[in-house]
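Data block below; observations after.
The values are calculated or read from the model by the stated rules, or taken from the named source; none is laboratory data. Just so it is clear, the model here is predicted, and its values are computed rather than measured. Cβ coordinates were reconstructed from backbone atoms using ideal geometry, including for glycine residues, and neighbour counts include every protein chain displayed.
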Amino acid sequence: MRTVALNDFDPWGSSAFQLHECGLLADSANWHHDGLCSPYWRLYYNGKKGARVEVDGRSIPLTPDQMLIIPENTAFNARGRTGVSHLWIHFSPPMALRLVPEIRAIPLSASLAANVAALRDLLKARADTEEPGKERIFHACLAVLHGWFAEDSLPMRPPLPPALSRLLESIERSLSGALSNPVLAGQAGMSVEGFIRWFKEGTGTTPARYVARRRVREACRLLSLTERSIEEIAEVVGFANRHHFSRVFLHYAGRSPAQFRREQGRFK
């Protein structure tokens, strides 16, 4: 089985889309997993029939004429037979898009098919020779994602006020820092009470819960896609120690960080 995967993209990069990982299983002999659920979105494409995704009692085939989009925090099973190549992109859409999180099967237009084929060819070449470089693959991934976004009639939630969007982006870039209500209220130029009320009206949750969820989301990404220790990840996402991190992670993810990491396969 020939495999290539890249998973150390700059999460902010030069695009509104955050790329976490892309890869290609040339022969998906082991694409059989139960209970997959991750903090990022997934794009799947298979060049032949023979694989499917099971979610909420539905069976969704992966076929050469379409690609499949799976939102973050969606639990599903993966089923595949030997000999079917499997291409994936793990990504997070920009917060400003406010996408409704639903599974979508996207028919391949001629332009989308060309973008997918170009990415697949680059990944095949990378597996054989370590060339082309990561930057070319990065831009090929973006071409696929932007092509999908340009052609799909995506359901959207109402946009956020610009000031709140800027604050949420600031939170995303500062997860390791101090993000208490007084600190965030100061950034927004509001009293603490007024800030909490304004934030909840815009996001549907309190600032403290939002920050905790974003920290857990980033921790899930690092647990899935890196070899960093749990202690290091706890520090990177803003927790004082592993004990506090594990307690908050269990509350929001329903399992411990160690259990979450064990459940994640390397190439899913």
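Does Asn77 satisfy the criteria of being modelled with pLDDT of 90 or more, over 13 Å from Cys141 (Cα atoms) and not in a loop (DSSP other than H, G, I, E, B)?
Values: modelled with pLDDT of 90 or more: yes; over 13 Å from Cys141 (Cα atoms): yes; not in a loop (DSSP other than H, G, I, E, B): yes.
Considered against the rule, which asks whether it is modelled with pLDDT of 90 or more, over 13 Å from Cys141 (Cα atoms) and not in a loop (DSSP other than H, G, I, E, B), Asn77 comes out as yes.
Only one residue in Ala113, Ala78 is touching a residue at least 60 places away in the same chain (Cβ under 8 Å) and surrounded by 14 or more Cβ atoms within 10 Å (Cβ to Cβ), so which one is that?
Values: Ala113 fails: touching a residue at least 60 places away in the same chain (Cβ under 8 Å).
Matching residue, one of Ala113, Ala78: Ala78.
For every residue, the table says whether it meets (1) free of Cβ contacts under 8 Å to residues at least 60 places away in the same chain; (2) touching an Asp or Glu at 6+ places or on another chain (Cβ under 8 Å); (3) surrounded by 14 or more Cβ atoms within 10 Å (Cβ to Cβ).
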{"residue": "Ser59", "(1), (2), (3)": "yes, no, no"}
{"residue": "Ile70", "(1), (2), (3)": "yes, no, yes"}
{"residue": "Met95", "(1), (2), (3)": "no, yes, yes"}
{"residue": "Arg120", "(1), (2), (3)": "no, no, yes"}
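Does segment 235-242 contain any residue that is part of a helix (DSSP H, G or I), within 16 Å of Ser174 (Cα to Cα) and of a type in the set (D, E, K, R)?
Yes, that holds for at least one residue.
Give the residue, chosen from Trp198, Trp148, that is farther than 24 Å from Ala212 by Cβ, of a type outside the set (D, E, K, R) and touching a helix residue (DSSP H, G or I) at 6+ places or on another chain (Cβ under 9 Å).
Numbers: Trp198 fails: farther than 24 Å from Ala212 by Cβ.
Result: Trp148 is the single residue among Trp198, Trp148 that is farther than 24 Å from Ala212 by Cβ, of a type outside the set (D, E, K, R) and touching a helix residue (DSSP H, G or I) at 6+ places or on another chain (Cβ under 9 Å).
Just to verify a result, which residue in segment 122-141, among those that are small (Gly, Ala, Ser) and surrounded by 14 or more Cβ atoms within 10 Å (Cβ to Cβ), is modelled with the highest pLDDT?
Residues of segment 122-141 that are small (Gly, Ala, Ser), as a first pass: 125, 127, 133, 140.
If we keep only those that are surrounded by 14 or more Cβ atoms within 10 Å (Cβ to Cβ) too, we end up with 125, 127, 140.
Working: Ala125: 90, Ala127: 81, Ala140: 95.
Taking the candidates together, the pick is Ala140.
Do any residues in segment 142-160 that are at pLDDT 90 or above have Cβ atoms under 7 Å from those of residues that are buried (at least 17 other Cβ atoms within 10 Å of the Cβ) and part of a helix (DSSP H, G or I), where the two are at least six apart or on different chains, and which pairs are they?
Ala143/Asn115; Val144/Asn115; Val144/Val116; Val144/Leu119; Gly147/Leu112; Gly147/Asn115; Trp148/Leu112
For segment 6-16, which residues satisfy the criterion of being at pLDDT 60 or above and either in contact with a Gly (Cβ under 9 Å, 6 or more places away or on another chain) or surrounded by 20 or more Cβ atoms within 10 Å (Cβ to Cβ) (or both)? Can you show your working first?
Just the residues of segment 6-16 that are at pLDDT 60 or above, to begin with: 6, 16.
Matches in segment 6-16: Leu6 only.
Taking the conditions exactly as written (of a type in the set (Ser, Thr, Tyr), within 16 Å of Ser38 (Cα to Cα) and part of a helix (DSSP H, G or I)), does Tyr210 satisfy them or not? Break it down into steps so the answer makes sense when it comes.
Values: of a type in the set (Ser, Thr, Tyr): yes; within 16 Å of Ser38 (Cα to Cα): no; part of a helix (DSSP H, G or I): yes.
Answer is no for this residue.
Answer with yes or no whether Pro101 is part of a loop (DSSP other than H, G, I, E, B) and over 19 Å from the mean Cα position of the chain (by Cα).
Numbers: part of a loop (DSSP other than H, G, I, E, B): yes; over 19 Å from the mean Cα position of the chain (by Cα): no.
So Pro101 fails the test.
With respect to the numbered conditions (1) out of contact with any Ser or Thr (no Cβ under 8 Å at 6 or more places or on another chain); (2) part of a helix (DSSP H, G or I), which one is the sole condition not fulfilled by Leu142?
Answer for Leu142: the failing condition is (1).
Among Ser170, Ser92, which is the only one that is under 30 Å from Glu201 (Cα atoms) and out of contact with any strand residue (DSSP E or B) (no Cβ under 6 Å at 6 or more places or on another chain)? Full working, then the answer.
Working: Ser92 fails: out of contact with any strand residue (DSSP E or B) (no Cβ under 6 Å at 6 or more places or on another chain).
Being under 30 Å from Glu201 (Cα atoms) and out of contact with any strand residue (DSSP E or B) (no Cβ under 6 Å at 6 or more places or on another chain) holds for just one of Ser170, Ser92, which is Ser170.
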